[in-house]
Each structure stands twice: as C-alpha cells, then as structure tokens.
Amino acid sequence: MPRTGKEAMIEQFLADGITHMFGNPGTVEQGFLDTLESYPDFHYILTLQETVAAGVADGFARATGGPAVLQLHSGVGLGNGIGMMYQAKRGHTPLVVVAGESGIAYDSMDAQMAADLVAMARPVTKWATRVVDSRSLLRLLRRAVKIAMTPPRGPVFVALPMDVLDQLNDEPILATVHPSTRVLPTPGLVAEAAALLAGAERPVLVVGDGITTSGAEAELVRVAEKLGADVWYADYSDVPMPSAHPLSRGALGHMFGPVSRAAVQDADAVLIVGTYVFPEVFPDLVSPFAPGARIVHLDLDGYEIAKNHPVTLGLIADPKPTLAALADVLDRLRTPEQDAAAAGRIGRRAAEKAKAGEAPDDTLIGGFLAALAQRAPKDLMVFDEALTASPYVTRYLKPEIPGNYQVTRGGSLGVGIPGAVGMKIAHPDRTVIGFTGDGGAMYTYQAVWTAVRHEVPAVFVVCNNHRYQLLNANIDEYWKEQGIEGRPHPHSFDLGHPAIDFVALAQSLGADGVRLDKPSQIASTVERVLTTRRPLLIDLQTDDTLPT
C-alpha cells in the first residue's frame, strides 16, 4: 500500500531492528521528524548539537554492535558532525548517517543552505549517496545498512531531499541482507602461515578491532599462548583479550613511531590481525620490523594488508575461524621444546605483571579508582577518553570483557561523555561510566543535557588537571627529538584561567555534580556513582599539585 517516503523510511528501519535515531532537528528534516510522532516504537534521541549526536550514536553502535542511525541537519549540520564521522570511520563504527535537503526541485536555485552533501560526506564515510527518485528510497537505505555492517565496517551517508520523502512510495519493506564474511584461507595457506610462525623464539602479535568484530578473542588467546607471544593492541577500541592475561601488553599508542618500533623490532616473527600498522600521528617511514623477520598479516580488509610495510604472507580472511585453524596446525608443528620455551615466556610475563601491580599509588585518582574497583559490578561498562589518565583507569578498572570497555579513537576529542550516554541507552540496566578530560569535556558538554532529557543515568568523570596535558607530553617529546632545551609549556595548553566549574555546568543542564578534591570524599563519591538514578558528573581533580 502506498505511503509517503518518510513513513516508508521509518518502517524500513524498524524492519531492520533499528529503533533509535540520534540527531538535532532542522527545517529540511521537519517532515520525517514530525512523522516519527506516529511511531512509538521508534525513539528520537535529541541532542543540542550535531557533534554530540554523532558521539552518542557512535557509543550506541559500539555497545550494540550496530547499526545506529544518525540524523544531521543539511550542510551545516553535516559540517558540524564531520569530525566525529571521521572518528567513526577510523574506528569502523557502523553509522548510517542521513541528512535532509530542501528538495531536488530547488537544485538550480543555489539557495540558503545549498551544498553538495555527498561530496562533503565522502571523505569520512565508506559510501555516500543521494536519493533522487522516491522509488529507490528503501533500496538505497538497505544498501547503506548493508555497507555499514559489512567488514571493514564504517559510516555511510544518505542525503534525503524533502520532496522525495514527501512523495508516495510503494516499495516493499524487506529486511536488509548482511553478507557472511566467515571466510577461511585454503588449508595450504594456513599451513604456510603456521610454518612461518611455529619456530619463532621472539614472537609478537599486533591486533586490533578486527578481533572483537569477528568474536575471535578466545582464538587469539589460544594462538598467543601456543606461541608464547606478546600481544600488543593497535587501532583498537574494544578488548581483544583480557588485560590481566600475562601476554597482554596493552596499547601501542597513537603518536610516535618509535613506540611501535620498540615493540616489534626484536621479533623474529610477527602476526598482525584485524588492524593496520601502525596508527601513529608520526609513524616510522621505514619498516620497524627486523630484517628477515617473518610477517603474517590477517584481515578482512585487504586494503590494510602491506599498506605501509611489506609482509611475508597476507591473508584476506575472517580472524575467528582462521586463528582457530592456525592454532590447530601449530599444535601439530610445534615441538615439546618450543612449547616449553613458550611456557617460560608466559611465566616471565606473569611475574613482571604481578610485580608491576604491587607498585604503590597514593594519588587521588588512584585512590578513587581503587575504591570504585572494589565495589563496582563485574559487568561495569567504561567509555575511556581519559587520555593521560587512562593508565589509572585501566590499572584499576581492568578491561576484561569484550564490549564493556571502549576507548577513544581517530584523534578527535569530545567522545567520552556522549559515548557513555550512547552506551547507557544501549544497556540501561548496566552501570556505565564515561571518563574524559577537562579539555575533551568542553567539546561536547551538551551531552549531559541529553542524558537528563532522556533519563539516561550514566556517570561522567572529568579528570581535571586544568590543561591539555597530552599536548604538554607531546611537545616535550618534540623538543627532545629536535634537540631543543625544555622550557615552560605554551600558554595555549593551559585551561586553568579562568577555571571551569564543571559541577555548576552539570547542574545547569539538570544533572547532579560532585567535586572530588580530597581523599576524605572518596567513599561518599563512590557510593553516589554506584547508586545514582540520575546523570551524575564527578569533577575529579587530578592536578599533581593538589594534596592526595
């Protein structure tokens, strides 16, 4: 039965199990936003600015596995959202981004808000298109959902002219088909990969979000233990293996090539899975691998294999079944002596990790997180944009369960607060805490208002050191590299003048707020975090000049 395109669009989303749209309304979207009122099972999450909408949608998609629908307002709204869309592209978040236009009838007028939306969106999406015929609206929406969800996942964009949505549409509602990517290399290629890795005396694994997208966490642990290989994370946001595992070495970082080089330069064999190498701002321009090292790269994204550095063997395949098959072959190839050497490496890493965990910590943030860790539920969910304070977060709130811990990615600030809002919408019965810095918080502070409006009782912790501490650390490294003597950091990195009252800001947006600047406040603050039924912000003073 014919109905308008705007009605058909919502019905298509519902048929695909999509029940939320995140956005900020505008005049050229008013038709389908008005139509939403007739669909009580479809929920519009209102934000006060498009960057916030994109951040909330990103957090929701990560927490659910996606897809998530993000609505932006014409060219100006798309412009506001592009930074977060870049973040989503780098992080492989399956966002379906839609933006309204006044209508095809007005193309020749070059009128107010006219812009080539597809051209704007294309650099930060996997695919971008414009609907120009009402009879292809649902076909293109299904294509967008399919492309967003097919590895390598990522954001897509559909421009929706208002007059196309107002026309009658008789397309059938059909669930989107998601192609299976459970592909394995031929047995001969698996055997070749195993032969390259089996005899390694200094093996290293470098992994990314391709592990969690594939659900290959257990298979990764099996291969790592069989080889006794250190496991480093590159271009990741989720938990590829429990952080407490002796072989888990944590993140490589995203700034300087020598960090990644130090992790792999002594390895005689490297297995790269589900990531590109290496995701720094200032990467090595020459190969960081040792001459003669055997490099195997496994990924569903063929573009990333040998993109920057040559490899010995590249395999376009799904990590989960391929790692399982690789482990089976390694079981047959490895000698008892090699297994004993691997066990020895695991034992040494376990001892090192136990010793590091015994180091004392008398900081305020350490005390707060230690107390929180003692009482937090096992299924606590964390969105970590703490940046320079992240080592504290991961030390006490150890990332162990896939999906329960997300980190910022792509280099854009401002994801911590909206990301936590999206996670909490996806999992309303779980305790969700978003960590951010004072700099990052001010990018998207309006997300607190969205949490209040939609009764999303997430907790937000602002690690407040009154400066862009990451920039201080980076310029220290730059001065050292350039042979420049250290000096006071640039005034533009300082956020202390005037001081930002985060508690007052939270309260002005309808949330509760607490300033934590003394150890005596820790117990009561933890109590509030774990019992709040309203959005709550903690202004945690982390400046090292404060008493602890």
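The values are calculated or read from the model by the stated rules, or taken from the named source; none is laboratory data. Just so it is clear, the structure is predicted and the values come from calculations on it, not from any experiment. Don't worry about glycine lacking a Cβ; one is built from the backbone with ideal geometry, like all the others, and counts go over all protein chains shown. Quick note on the areas: whole protein, heavy atoms, side chains included, nothing else; ligands and nucleic acids left out. Shrake-Rupley method; radii C 1.70, N 1.55, O 1.52, S 1.80 Å.
Values computed for the structure shown
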item: Those residues of region 288-308 which are within 16 Å of Leu205 (Cα to Cα) and part of a loop (DSSP other than H, G, I, E, B), in sequence order; result: Pro288, Phe289, Ala290, Ala293, Ile305, Ala306
item: Among (1) assigned to a loop (DSSP other than H, G, I, E, B); (2) in contact (Cβ under 8 Å) with a residue 60 or more places away in the chain; (3) over 16 Å from Leu205 (Cβ atoms); (4) under 28 Å from the mean Cα position of the chain (by Cα) - the single one Ile365 does not satisfy; result: (1)
item: Candidate set from region 414-439 (those that are β-branched (Val, Ile, Thr) and not in a strand (DSSP E or B)); member that is surrounded by the fewest Cβ atoms within 10 Å (Cβ to Cβ); result: Thr431
item: Residue list for region 59-76, restricted to those being open to solvent by less than 10 Å² (accessible area, probe 1.4 Å), assigned to a helix (DSSP H, G or I) and either over 17 Å from Gln30 (Cα atoms) or at pLDDT 95 or above (or both); result: Gly59, Ala61
item: Hits in region 381-413 - residues which are of a type in the set (S, T, N, Q), open to solvent by 10 Å² or more (accessible area, probe 1.4 Å) and not in a helix (DSSP H, G or I); result: Asn404, Thr408, Ser412
item: Positions within region 248-275 being buried (at least 22 other Cβ atoms within 10 Å of the Cβ) and part of a loop (DSSP other than H, G, I, E, B), in sequence order; result: Leu252, Ala267, Gly274, Thr275
item: Residue in region 177-191 that is under 27 Å from the mean Cα position of the chain (by Cα), over 15 Å from Thr4 (Cβ atoms) and crowded, with 17+ Cβ neighbours inside 10 Å present; result: no
item: Residue check, Ala325 touching a strand residue (DSSP E or B) at 6+ places or on another chain (Cβ under 7 Å) and crowded, with 16+ Cβ neighbours inside 10 Å; result: no
item: Which numbered condition Glu101 fails, given (1) within 18 Å of Ala159 (Cβ to Cβ); (2) crowded, with 19+ Cβ neighbours inside 10 Å; (3) at pLDDT 95 or above; (4) not basic (Lys, Arg); result: (3)
item: Residues that are surrounded by fewer than 24 Cβ atoms within 10 Å (Cβ to Cβ) and touching a Lys or Arg at 6+ places or on another chain (Cβ under 9 Å), drawn from region 440-451; result: none
item: Out of Ala511, Ala523, sole residue that is crowded, with 16+ Cβ neighbours inside 10 Å, of a type in the set (Gly, Ala, Ser) and modelled with pLDDT of 95 or more; result: Ala511
item: Selected residue [open to solvent by 20 Å² or more (accessible area, probe 1.4 Å) and over 30 Å from Arg349 (Cα atoms)] from Leu174, Leu196; result: Leu174
item: Index of the failed condition, Ala111 passing every other in (1) open to solvent by 20 Å² or more (accessible area, probe 1.4 Å); (2) assigned to a strand (DSSP E or B); result: (2)
item: Identity of the residue in region 198-210, outside any loop (DSSP other than H, G, I, E, B) and within 30 Å of the chain's Cα centre (by Cα), that ends up farthest from Ala290 (Cα to Cα); result: Gly210
item: Residues of region 495-532 satisfying the condition of being without any contact (Cβ under 8 Å) to a residue 40 or more places away in the chain, touching a Ser or Thr at 6+ places or on another chain (Cβ under 8 Å) and either part of a loop (DSSP other than H, G, I, E, B) or closer than 21 Å to Gly366 by Cα (or both); result: Val514
item: Residue match in region 157-164 (condition: loosely packed, with under 15 Cβ neighbours inside 10 Å and either closer than 30 Å to Asp34 by Cβ or within 27 Å of the chain's Cα centre (by Cα) (or both)); result: no
item: Filter result for the condition that a residue is under 33 Å from the mean Cα position of the chain (by Cα), within 21 Å of Ala15 (Cβ to Cβ), buried (at least 17 other Cβ atoms within 10 Å of the Cβ) and touching a residue at least 24 places away in the same chain (Cβ under 8 Å), over Met120, Met149; result: Met149
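Condition check ((1) in contact with a Cys (Cβ under 8 Å, 6 or more places away or on another chain); (2) open to solvent by less than 40 Å² (accessible area, probe 1.4 Å); (3) outside any helix (DSSP H, G or I); (4) modelled with pLDDT under 95) across all residues:
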{"residue": "Phe13", "(1), (2), (3), (4)": "no, yes, no, no"}
{"residue": "Gly17", "(1), (2), (3), (4)": "no, no, yes, no"}
{"residue": "Pro25", "(1), (2), (3), (4)": "no, no, yes, yes"}
{"residue": "Glu29", "(1), (2), (3), (4)": "no, yes, no, yes"}
{"residue": "Leu33", "(1), (2), (3), (4)": "no, yes, no, yes"}
{"residue": "Leu36", "(1), (2), (3), (4)": "no, yes, no, yes"}
{"residue": "Asp41", "(1), (2), (3), (4)": "no, no, yes, no"}
{"residue": "Ala57", "(1), (2), (3), (4)": "no, yes, no, no"}
{"residue": "Gln87", "(1), (2), (3), (4)": "no, yes, no, yes"}
